[in-house]
Amino acid sequence: MPLKIDNYSNEILKGISFSLEAGEHLIILGSNGVGKTTLAKVLCGMTPSSSVSIDNITPSKVYGEKRAKLINYIPPKLDVFDEFITVREFLEIGTFNNDLSIDASLEKLHITHLTNKACKMLSSGESQLLLIASALLHDARYTIFDEPTANLDPQKMQLLFNLLKDETTLQSKLIITHNLDLAYKLGYNILFLEEGAVKFYGSNSDFFTQTHLDALYDGSVEKRENNIVVKL
Amino acid sequence: MKKIILLLALLLLAIAPFFGQIDLPISSLFNANSMEYKVFFDIRLPRVLLAFLIGGILALGGLIFQTVFRNPMSTPFTLGVASGATLFTAIAIVLGFSTLSPLFAFVGAMMTVLILFGVASRFERYDSSSLLLVGIALSFFYAAALMVMFYISSLQESYEIMRFTMGSLDIVGFENIIILALTSAFLLAVIFNYRYELKLLLTSYEFAYLKGIDVKKTNYILLFAVSVAVGVAVSFTGPIGFVGLIIPHILKTIYKQSADKLIVPIFFYGGVFLVLSDLIARNLGTSSDIPIGVLTSFLGAPFFIYLLIKRKSS
């Protein structure tokens, strides 16, 4: 049951086509403003388009649990309007996963101590972990993470890396990131966007060769032993 | 704290009908032939019930508008619903149909709702802030049209229009109370039915959408239910400001819970607030009652500012 987008264009994106089989993961790379988040919003139906289909269903045309189960998007920042909604309440309203309890999800992310704290009072790193917990509880077939590591300290970064690599709850993960080392270590296929178009779509090992990196990043990135390092 | 407030509120509701231009002894309730008995059941009790239901509807309407528009300053009055009702009441008075003015007010409120939704359906994408701007534009238009009504009306008619715009709880008998009770029941039923959606809207539109909610439809249904209820309320009493703005804020400050849990408390205390305001308005010892809208604003505005200062400084 593949996720498909067929020749989609708007003001930013130009003729985007690709597909992703269920159970496969994908890393989406590209410089700032190139259209990664725009693409994510098109894929999950927040920007409706009939170019997108999952199992021949266009997500923006269905409602209720039917759509929720297809695809989910985890934004880089938590947005909560009400100032008194707690972490637990936030997780309660978005749960479609019968195999994972809220307590278990909190434990996985090491945020059990935040259960009764208001979402508005969380630090940016804490709210990022809360969003990841909500993704596990939501349990869509495809989950798009938009810069999930942007605000994390080193320990939390490790925690998240292990979750993204080994967590089996989520069937297919699409990870938008600027962290090339993370992308390299996860080992998933790479989709590279440039000027709103797909510049590269292929395996991790083909993407992370020094010559390829030099061509894409103007020599600002270096492959050293087992790490991808930004030259500073 | 919550229990003490609840106790005081219940006490207030119980004693409110006994005070006014003439204070009634409790014994009057047991003598069906006395004048006091008639005053209590034909005037005081309907008036307290009216104040309670109107206050409840306006406060709950405020909560829903604040949630849907994600703007703590929006109330049903912001979208021009009340101004529409006021304008049409003025038209009724100028045309010499002042006895039919509640009907005109209702038509004015509903027409505003239909215009709003008609305009919104032409938006390519659903956008609550554009809807809010349309409402504000309509309010200004109605205000100008109201000026025209003042201009072409006689002195007597001008006075009647002026009194309506200040809000009034003068009412006799129980027929109107039944209509308002049904309206309140309708509003509460719709909101309870959409409680899950409402809670999702308290996070973000995006989050609600991803959980499968039809955000546009949900917002329209909630706004429509509130507009109908407020239209009915305004047609009976004229626009009464500030209840919809301050009661949700005060209740959130006291309860410290998410808004979806405060539906019943906000309705209840909105009602209590208006009963209290009316009780004060009736007992200031002036030759005629102070208009209720004036009083809610006098009580509400300073208290609201006090709350804001207290919250921002803590």
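A Förster radius of 60 Å, combined with the Cβ-Cβ distance separating A:Phe18 from B:Leu11, puts the computed FRET efficiency at roughly 0.30.
Taking amide H as placed 1.01 Å from N in the peptide plane, the amide H of A:Asn72 sits under 5 Å from that of A:Tyr142, A:Thr143, A:Ile144, each at least 5 places away or on another chain.
Look at the alpha carbon pairs under 8 Å that are at least 6 residues apart: their mean separation over the length of chain B gives a relative contact order of 31 percent. Centre-to-centre separation between the Cα atoms of the stretch B:14-81 and those of the stretch B:147-205: 12 Å. Each residue of the stretch A:181-188 was assigned a 3J(HN,Hα) from its phi angle through the Karplus curve 6.51 cos²θ - 1.76 cosθ + 1.60 (θ = phi - 60°); the sequence is 4, 4, 4, 5, 5, 5, x, 6 Hz, with glycine and proline shown as x. Between amide H atoms placed 1.01 Å from N, distances below 5 Å from A:Leu191 occur with A:Ile27, A:Ile28, A:Leu29, all of them 5 or more places distant or on a separate chain. Of the residues A:His113, B:His249, the one with the fewest other Cβ atoms within 10 Å heads the list, and the complete ranking is A:His113, B:His249.
Each residue of the stretch B:87-98 was assigned a 3J(HN,Hα) from its phi angle through the Karplus expression (A = 6.51, B = -1.76, C = 1.60, θ = phi - 60°), giving 4, 5, 5, 4, 4, 4, 5, 5, 7, x, 10, 4 Hz with x at Gly and Pro.
The DSSP beta bridges internal to the protein assembly as shown are antiparallel in roughly 55% of cases.
With respect to the cross-link table entries A:Lys77/A:Lys173; A:Lys36/A:Lys77; A:Lys4/A:Lys223; A:Lys61/A:Lys165; A:Lys41/A:Lys66, which display a Cα-Cα separation exceeding 25 Å?
A:Lys4/A:Lys223; A:Lys61/A:Lys165
In terms of surrounding Cβ atoms within a 10 Å radius of their Cβ, B:Met35, B:Met1 rank from fewest to most as B:Met1, B:Met35.
Of A:Arg67, A:Arg88, B:Arg282, the sequence from fewest to most neighbouring Cβ atoms within 10 angstrom is A:Arg88, B:Arg282, A:Arg67. Applying a DSSP loop filter and a limit of 15 other Cβ atoms within 10 Å to the trypsin sites (Lys or Arg not before Pro) in the stretch B:107-202 leaves B:Arg122, B:Arg125.
Using helices alone, I'd like the mean residue ellipticity at 222 nm for chain B: each DSSP H run of four-plus residues gives -39500 (n - 2.57), total over residue count, nearest 500.
Details: 14 runs with 223 residues, N = 314.
Counting only the DSSP helices, I get -23500 deg cm²/dmol.
Residue-wise HN-Hα couplings along the stretch A:211-219, as the Karplus relation 6.51 cos²θ - 1.76 cosθ + 1.60 with θ = phi - 60° gives them from phi, are 5, 5, 5, 4, 5, 8, 10, 6, x Hz; Gly and Pro carry x. Using R0 = 22 Å, the C-beta based FRET efficiency linking B:Leu114 and B:Arg163 works out to 0.20. The A:Asp153 and A:Met1 beta-carbon pair, evaluated with R₀ = 41 Å, returns a calculated FRET efficiency of approximately 0.65.
Under 5 Å from the amide H of A:Thr86 lie the amide H atoms of A:Cys119, each residue being 5 or more positions distant or on a separate chain, with H modelled from the backbone and absent for Pro and chain starts.
Spin-label model, B:Phe192/B:Ser130: points 7 Å from Cα along the beta carbon direction are separated by 3.6 nm.
Could you calculate the contour length gain from A:Ser124 to A:Arg224, that is, 0.36 nm times the residue separation minus the distance between their Cα atoms, to one decimal place in nm? Walk me through the numbers on the way to the answer.
Details: separation 100, 0.36 × 100 = 36.00 nm, distance 3.10 nm.
Stretched out fully, the A:Ser124 to A:Arg224 stretch lengthens by 32.9 nm.
Computed from the coordinates by the stated procedures, all read-outs in this text should not be read as laboratory data. Nothing here was measured: the structure is a model prediction, and the numbers come from that model. Note that we place each Cβ from the backbone using ideal geometry, even for glycine, and neighbour counts take in every protein chain shown.
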